[in-house]
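The values are calculated or read from the model by the stated rules, or taken from the named source; none is laboratory data. Computed from a predicted model, the values in this text were never measured in an experiment. Methodologically, a virtual Cβ is constructed for each residue, glycine included, from the backbone with ideal geometry; neighbour enumeration extends over all protein chains shown. Note: accessible area is taken over every heavy atom of the protein model, side chains too, but ligands, DNA and RNA are not part of it. Shrake-Rupley method; radii C 1.70, N 1.55, O 1.52, S 1.80 Å.
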Amino acid sequence: MNKTLAEAKAIHRQGLEIAKRSDWFQKLDRRYRKVDGYEPFSTAAKNLAYNLVVAESGFMGGLLEPQRMLDDFAWSAVISAAWTLAHNPFPVWWLHRNLFEAFEESDLPKAIADLQVSAPFGMIMLPRDRILNPDGEPCDWIFFQHLPPGSVPPTLRFGLHTIEFQPIECEKLRWVTVLRNGTSYASLVEINGDELVRGNFSMGTQHFTDSNPDFSLEQQFQLTLEKIVLQTLLYLQIRPDDLLPPTNAVRISNKGQGFGGKKSDKDRLNPLIIGQQFQPQTERISRPAHSNHATPRTHWRRGHWRRVAMGEGRQERKWRWIQPVLVNG
């Protein structure tokens, strides 16, 4: 590790300590019970608060102008997401690891029509250390925001500075994440039409580095995040009943959550888990008797999404997920 990068990471750690003592953190944090196998929600709140503290300090100190923020798509998306969460109630959902794995082995449709999102924005918590960026940094959570035509992202205000966004021309979905080391990713996806149109893939980092990122690997990482977000929303559309408090199969605890001292169980929120009722599909294929062919090795038969005709006259269209199958697992 070179000295410049080491210094940048030290500055980031100090910034996180400042952020978790800020009013922004108090507005963002939710004292959920900790779900085993996931980062505490406070990790996400701390990184989002950090970005708001940096932006606020920059504007107040005269070091930042609104247009400079707007020119940085990833950072402006992070600030907009953090601001939205800090000023509104929002849902937080934990994606069950079995369902997450099945999404990894499924393909997105070329187009997504009639996406019905149960919340205009929210947070999806991901199983720990399951998605890594090209530098090996894990993604712990993803913010999503559904933007119907004509909607306008919230106006941001820092002191005398105002940052306004243009109205959305067509249906879009925005997603944002910040990794533990401060690297941010964001994208804006057009989801209404004959195909998914990805208008922006963007990343930003607070750190200095001597190496150039491999943009093909970075784009593949972002496509993976996008696939998880869109499939999660599609799954909730067809299985709204599978968003439930944790059962005995999901371990939770009251330790290590938040920074504000000890509080009783009744002060903590119960997490909502997506996919506890999901059952992975498996298939066993044996070598036929008297055959020279070997037994097929363990592999996934990939899943996919499609719209099927239903109802009177088969005029209604609904999404159906053809689950992946683990063969000889």
Query raised in the report: Which one of the conditions (1) surrounded by 18 or more Cβ atoms within 10 Å (Cβ to Cβ); (2) in contact (Cβ under 8 Å) with a residue 60 or more places away in the chain does Asp107 fail to meet, given that it meets all the rest?
Result: (1)
Query raised in the report: under 20 Å from Gly122 (Cα atoms) and at pLDDT below 95: does that describe Ala74?
Result: yes
Query raised in the report: Restricting segment 202-221 to residues that are open to solvent by less than 60 Å² (accessible area, probe 1.4 Å) and out of contact with any Phe, Trp or Tyr (no Cβ under 6 Å at 6 or more places or on another chain), which is modelled with the lowest pLDDT?
Result: His207
Report summary line: Residue count, segment 285-306, condition modelled with pLDDT under 90, surrounded by 10 or more Cβ atoms within 10 Å (Cβ to Cβ) and of a type in the set (D, E, K, R), comes to 1
Query - Hey, Ile79 surrounded by fewer than 20 Cβ atoms within 10 Å (Cβ to Cβ), in contact (Cβ under 8 Å) with a residue 12 or more places away in the chain and in a helix (DSSP H, G or I) or not - result: no
Query raised in the report: Only one of (1) open to solvent by 10 Å² or more (accessible area, probe 1.4 Å); (2) within 15 Å of the chain's Cα centre (by Cα) fails for Val92. Which number is that?
Result: (1)
Report task. Collect the residues in segment 1-35 that are in contact with a strand residue (DSSP E or B) (Cβ under 7 Å, 6 or more places away or on another chain) and either small (Gly, Ala, Ser) or within 20 Å of Ile142 (Cβ to Cβ) (or both), keeping them in residue-number order. Result -> Arg30, Tyr32, Lys34, Val35
Report task. Looking at (1) open to solvent by less than 10 Å² (accessible area, probe 1.4 Å); (2) more than 14 Å from Ile142 (Cα to Cα), find the lone condition where Met123 falls short. Result -> (2)
Query raised in the report: Out of Leu70, Leu63, Leu52, which single residue is crowded, with 23+ Cβ neighbours inside 10 Å and either outside any loop (DSSP other than H, G, I, E, B) or without any contact (Cβ under 8 Å) to a residue 40 or more places away in the chain (or both)?
Result: Leu52
Report summary line: Restricting segment 1-49 to residues that are in a helix (DSSP H, G or I) and within 14 Å of Val92 (Cβ to Cβ), the one most open to solvent (accessible area, probe 1.4 Å) turns out to be Thr43
Query raised in the report: Of the numbered conditions (1) at pLDDT below 90; (2) hydroxyl-bearing (Ser, Thr, Tyr); (3) in a helix (DSSP H, G or I), Thr224 satisfies every one except a single condition; which is it?
Result: (1)
